[in-house]
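Take a look at the structure below.
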C-alpha cells in the first residue's frame, strides 16, 4: 500500500482528539479577538492619561528653570510607558495571566508573574525612553525629513537589544544552561557543527517558569547568538523530536532570519513615522491633546497610532514570518531528515495554535503556517524520500 501524505497528516492532527482541538480553536480564535479589544483598551488608557495632565506637569517641572530636551524626552517617555501600563493592568492580568491560566497554558504563580512583569516594564521603560530621546532629537534637528532617518535609528536600537538581550536581559527572567552531557547533547553538537553553529551556543532554559508551551527559539547576534530549547520541549520530547526541533532553530540561525526581521522592521518604522508625521494632529485633536508632535507629552497619542499601525501591519509581518518558518522546517527536513519526529513535535504546539484555520484566518493572524500545512509538508517530504526516511527513536526522557 502506497504512503498517502494527506491521510498521514489527518492522522497526526486527529490524534489530538476532538476535545483538545475544540479547546485549541477556542483559545486561538479568542486570542484574535484580543487584538481588537487590546486596541480599544489602548484608546481608553491613552485618553485617561492625556486627560490626567500628569505628563504636562512632569514636563513643566523638568523645564521650570531651563530647557533640557533630552532629559525631558527620556523621563516623560519612560513615565508614559509606566503610566499606560498601570492603567492597563487589569486588562494585562486578564489577557496575559488569568486567561492563560484558565486554558492551562501557564503554571506560574501570580506573584512571580507580577514580579517579572514589573521587571520587564522597568526595562522596557528605560530602553523605550532612550529610543524616543533619539526620535525627538530627529524631529527637532532633521526638520521634515526626520522620518527618513527613523528607520536607521530603529534598526540600530533593535540590533543593540538583540545583541545584548541574551547576555543581560534574558538571564534576568530565565536560567540558561548548556545542554547536559548525554546522547541528546552528543546529537545536537553534531547538528550544530554541520551548520557552523558553535557547540556552546545551544542551551536549555526553564521556560516552564512562564509557560507550559512546547517552544524553542533562536536569539542574539554575532557572539551572543544562541539556540535555546524550553525545558518543556526538552523533557517532554523524544530524542528525535529534539533533533528535529533543533534542526528547525538552526535553520533560522543559518538563514539569517534575524537580519531579515531587522530590515523589515526598519522599513516599517520609516513608513510608520511618515504616516505619524501626517496623521498626528488629527489623532491629537481626537484625544484632546494640545501637544505637538515634537513634544514628548504627546507620546501617548504617538503610541496609539503605533498600535493601530502595528495591528494593520500584522498580516504583512505574519506573511514574512510564515516564510521564515517554512524555510526553517525545510532546513530541518533536509539536514535532519526526521519528518515524523518533526510532525509529532508540531502537533504538540497545536494545543495552543489551532491546526486547521481557514485560509483567511491564517493570512491575517498566524505567524506560523498552520500545523496541518507544516505536517503535510513533512509527510510530502517523507513520501518523496522513502529511501532516506528514518524510523523515529523511542523517547529518551530528556
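Taken together, the values in this text are just the output of simple stated rules run on the coordinates, not laboratory data. In this text, all values refer to a predicted model and were calculated from it rather than measured experimentally. Don't worry about glycine lacking a Cβ; one is built from the backbone with ideal geometry, like all the others, and counts go over all protein chains shown.
Points worth noting:
- Using alpha-carbon coordinates, inclination of helix 299-335 to the longest axis of the chain, degrees: 20 degrees
- Crossing angle, helix 146-164 versus the chain [Cα axis fit, 0-90 degrees, rounded to tens]: 50 degrees
- With a cut-off of 15 Å on the backbone N, no residue of the range 321-365 is near the modelled label site 7 Å out from residue 235 along Cα-Cβ.
- Label point at residue 186 placed 7 Å out along Cα→Cβ; residues across the range 222-242 whose backbone nitrogen lies under 20 Å: 234-235, 237-242
- Potential extension, residue 96-residue 111 segment - 0.36 nm per residue separation minus Cα distance: 4.1 nm
- Whole-Å distance, taken between Cα centres, linking the range 17-57 and the range 338-366: 23 Å
- Overall size of the range 115-201 from C-alpha positions, given as principal axis extents largest first: 60, 36, 12 Å.
- For the peptides 366-373, 217-224, residues were scored by their other Cβ atoms within 10 Å and the scores averaged per peptide; the highest-first order is 366-373, 217-224.
- Peptides 299-305, 197-203 ordered by average Cβ neighbours within 10 Å, highest first: 299-305, 197-203
- Fully extending the segment from residue 193 to residue 4, taken as 0.36 nm per residue of separation minus the present Cα-Cα distance, adds 64.6 nm.
- Cα long-axis angle, helix 339-349 against the chain (0 to 90 degrees, to the nearest 10): 40 degrees
- Of interest is the spacing of the C-alpha centroids, which for the range 295-330 and the range 184-249 amounts to 26 Å.
- Paramagnetic label reach from residue 267 (point 7 Å along Cα→Cβ; backbone nitrogen cut-off under 17 Å): within the range 135-175, residues 148-156.
- Against the empirical curve 2.2 N^0.38 Å, the C-alpha radius of gyration of the range 10-388 lands at a ratio of 1.08.
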